[in-house]
Amino acid sequence: MVYFSTASLCSLLTILGTVTAAPAERSALHAVSTQGLQHCLSLTTPTNNPPQRDIGQIGSNNWSGALVSSPGKTYKSVSATVIVPKATFPQGFSSKNYYTASVWVGFSGYPNLIPGQSHASTATGLLQVGFDYLFDKEGDAGIFPFYEFYPDPPIFFDDLKIDVKTTYGDKVRMTVTPSSTTAGTIIFENLTTGKSSTRSVTAPSGKELDLSIVEWITEDFTAAGLAKTDVSVDWETLTFSDMKATFRDGSVDDLTNAFKLESDHGTTGGRFAACDIAPSSKSTTCKWLGPNGKKG
């Protein structure tokens, strides 16, 4: 696989994004962001912010949240619970626009961009489960649980006629458990309604996971010059709780070794979200700041 430098990749995606028409379907909308943009990570110098002195930081074009990585070791699963925040529309609402955001946990990512670490893998896959906020002119409106083995498009549970319907205030748990670098299971549980689904997933041809890296992410689809009709919803404050990154031997990784991600569109000069990792409570809280790096 050919790797672009961060600067050249982000520049290329920005150019491509400016000519991308608004997707006609929600899966297409999701795929536009996923195909490269969610891996468009730029490094910043790891920070030392007591008392979370071991938590470093990685810059991202459209990811906010937390990441843990242990080169040479293998994770068995990643999970977290989230109480789904209500979505608002600070820029107003128009039926001509797509209003989006995504929340998920997952395996893999781009290991070669983690500062101070050396990964043997050149993983090209990403396995994730979570939910999308989506309000569009095709009639979608609300919260849509999904799973995805990138670069295949996302699969939405409601399209499969699986009842894990989710709404504001529901408590959900998301779990990814690979069985190998090319297969695994995902679980989406609505703990409020008692509904859940477990799905087996296999990798797209030629793709594989790096099993030494996992993430808990809120994702913005409006980054890097995507179609101007894509507008992020304001999810106010979102907390990943009960965060677990479990190794094959059953032990659980220490979040003091986590990396924090805060989406920065690059052209706005401000963070899209501000996140704090709390290792003692096994949680990460992100606050929506908006495209200008501040509320309003």
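Karplus-based coupling profile of region 142-152, in residue order and whole Hz: x, 10, 10, x, 8, 9, 7, 10, 4, x, 5, with θ = phi - 60° in 6.51 cos²θ - 1.76 cosθ + 1.60 and x standing for Gly or Pro. Within straight-line reach of Lys207, meaning a Cα separation under 29 Å, sit the following lysines at least 8 residues removed in sequence or on another chain: Lys73, Lys76, Lys161, Lys244, Lys260. In summary, the lysines within cross-link reach of Lys96, defined as a Cα separation below 22 angstrom excluding same-chain residues under 8 places away, comprise Lys86, Lys137, Lys228. Here the label points at Lys287 and Thr88, each 7 Å from Cα along the C-beta direction, are separated by 1.4 nm in the simple model.
Values in this text are rule-based calculations from the coordinates and carry no lab data. Here the structure is a predicted model, which means the values were calculated and not measured. Cβ coordinates were reconstructed from backbone atoms using ideal geometry, including for glycine residues, and neighbour counts include every protein chain displayed.
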